[in-house]
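The values are calculated or read from the model by the stated rules, or taken from the named source; none is laboratory data. From a predicted model like this one, the values you see are computed outputs, not experimental measurements. Counting neighbours? That spans all protein chains shown, and the Cβs are built from the backbone with ideal geometry, glycine included.
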């Protein structure tokens, strides 16, 4: 179980880092990242 949790934590950190990099990019990258977040975490 610990190995699985460590691996999932890695994926969480990797996703955060990718999103943070895109949000520090150009306006097009920021818009693309925001669109992806809006599609993933849609409002009910």
**Q.** Per-region count, segment 20-44, residues in contact (Cβ under 8 Å) with a residue 12 or more places away in the chain and either in contact with a helix residue (DSSP H, G or I) (Cβ under 6 Å, 6 or more places away or on another chain) or at positive phi (or both)
**A.** 1
Q | Any hit, segment 24-31, residues being outside any loop (DSSP other than H, G, I, E, B), at pLDDT below 90 and surrounded by fewer than 10 Cβ atoms within 10 Å (Cβ to Cβ) | A | no
